[in-house]
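Here's the structure we're looking at; comments come further down.
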Amino acid sequence: MSPAAPPLEARMAELTGRHVPFVKATVVRARRPASARPGDTALVLADGRVEGFVGGACAEATVRVQALRTLRSGESLLLRISPEETADGTGEPVVEEGAVSVANPCLSGGELEIFLEPLRPVPRVVVLGESPIARALAAFGPVLGYEITEASGAERITPEDLAGSQALVIASHGRGEEPVLVSAVRAGVPYIGLVASPRRGAAVLDGLAFDAEQRARIHTPAGLWIGARTPGEIAVSILAEVIQALRGRSVEVDVEVEVAPETGSVTAVDPVCGMTVSVADSTPYCDEGGGERRWFCCAGCRAAYEKDPARYAKADAS
């Protein structure tokens with residue numbers, strides 16, 4: 001098996017350095033006439049973009065769907081793609097421990113086995129302050145596998161400095177809180193916690209020009225209510241809330257598509273070939289009258305649908 005091409009290796013190093021999650025997809029077995037070969041590699045990013053090569057458009061669509069699911073679960077997976085019916089005869093993916101078999105009606109006779117390895121960055125938690133709570137957070141965070149960054153000089157922290165951070169906890173007790181809160185909101189940090197009493201925390205937020213959605217993203221007082229009193233106990237409650245926030249995030253969409261409850265992956269069914277495809281910026285689609293949108297595994301299926309949409313509408317109805 002050949003290693004990933006140097007450009008992909010460099011790209012992996014870049015993504016890892018920027019704390020960007022991705023899936024490495026490697027072809028481990030191919031049966032002709034599949035276009036991919038063992039050792040072919042691609043990277044699948046969280047927005048559905050595929051960089052590299054692991055097969056044609058139809059195979060790539062299946063890889064995208066399953067890769068995004070592994071990115072959500074964090075568990076590696078062996079993906080088998082075949083033009084034949086799955087073992088249960090229903091055409092639905094057959095899931096085994098550590099593997100899934102998918103019938104791909106677009107595939108032109110070949111078979112592929114692709115190893116999907118999710119590479120999720122260690123969550124980076126920025127802690128601002130030198131208080132006992134801040135020190136306890138710095139001590140406990142690594143036990144959970146978090147990368148703790150102790151920040152100082154609040155007035156110099158910019159949204160760019162917080163890019164890639166999964167959480168920010170401000171435990172500076174009134175010192176430099178406002179500018180960091182603004183930077184965190186602008187950077188889109190998933191969890192923002194302010195250590196303060198309910199009254200003081202509300203007063204800090206009242207003094208900032210946040211709209212309701214931005215204000216709701218800031219947790220103050222930071223931490224889950226567990227009756228914590230000591231700095232260590234408060235740190236535990238804050239980290240528990242960080243876990244809850246990061247584990248509980250879901251995908252929000254404005255379109256009528258399926259959201260797989262076990263993964264949060266947004267998918268739709270290609271009306272031409274029946275494949276499940278991941279809804280991403282790069283997914284081919286067409287808009288019909290009345291604002292309805294259809295997604296496709298490849299440009300070929302989209303062209304077939306646009307040529308005779310009534311034919312596939314009848315197939316849906318039947």
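Checked against the criterion of being modelled with pLDDT of 85 or more, in a helix (DSSP H, G or I), of a type in the set (Val, Ile, Thr) and surrounded by fewer than 23 Cβ atoms within 10 Å (Cβ to Cβ), region 123-134 contains not a single residue that satisfies it. When Val20 is tested against the conditions (1) in contact (Cβ under 8 Å) with a residue 60 or more places away in the chain; (2) surrounded by fewer than 14 Cβ atoms within 10 Å (Cβ to Cβ); (3) among the hydrophobic types (A, V, I, L, M, F, W, C), the lone failure is (2). If the condition is being at pLDDT 85 or above and open to solvent by 10 Å² or more (accessible area, probe 1.4 Å), then region 32-44 contributes Arg37, Pro38, Asp40, Thr41.
Is it the case that region 161-174 has a residue that's within 25 Å of Arg72 (Cβ to Cβ), at pLDDT 85 or above and open to solvent by 70 Å² or more (accessible area, probe 1.4 Å)? Scanning region 161-174, I find no residue that is within 25 Å of Arg72 (Cβ to Cβ), at pLDDT 85 or above and open to solvent by 70 Å² or more (accessible area, probe 1.4 Å), so the answer is no. Residues in region 103-122 that are within 22 Å of the chain's Cα centre (by Cα) and either closer than 30 Å to Val169 by Cα or at pLDDT below 85 (or both) were compared, and the one that is surrounded by the most Cβ atoms within 10 Å (Cβ to Cβ) is Pro118. Listed by first and then second residue, the pairs linking a residue in region 58-84 that is acidic (Asp, Glu) to a residue that is open to solvent by less than 50 Å² (accessible area, probe 1.4 Å) and modelled with pLDDT of 85 or more, with Cβ atoms under 8 Å apart and 6 or more places separating them unless they lie on different chains, are Glu60/Ala42; Glu60/Val50; Glu60/Val54; Glu75/Gly98; Glu75/Pro118. Within the set Val204, Val195, the sole residue that is open to solvent by less than 30 Å² (accessible area, probe 1.4 Å), touching a strand residue (DSSP E or B) at 6+ places or on another chain (Cβ under 8 Å), free of Cβ contacts under 8 Å to residues at least 40 places away in the same chain and under 16 Å from Ser172 (Cα atoms) turns out to be Val204. Here Arg294, Arg302 are screened, and the one residue that is modelled with pLDDT of 80 or more, part of a strand (DSSP E or B) and not aliphatic (A, V, I, L, M) is Arg294.
Can you tell me which residues in region 155-179 are part of a helix (DSSP H, G or I) and touching a strand residue (DSSP E or B) at 6+ places or on another chain (Cβ under 6 Å)?
Our first condition is that a residue be part of a helix (DSSP H, G or I); within region 155-179, this holds for 155-156, 159-162, 177-179.
Residue satisfying the conditions is Glu177 alone.
The values are calculated or read from the model by the stated rules, or taken from the named source; none is laboratory data. What you are looking at is a predicted structure, and each value in this text was computed from that prediction instead of being measured. No Cβ is skipped: glycine too gets one built from the backbone with ideal geometry, and neighbour counts run over all protein chains shown. In case anyone asks, the SASA skips ligands and DNA or RNA and just uses the protein heavy atoms, side chains included. Shrake-Rupley method; radii C 1.70, N 1.55, O 1.52, S 1.80 Å.
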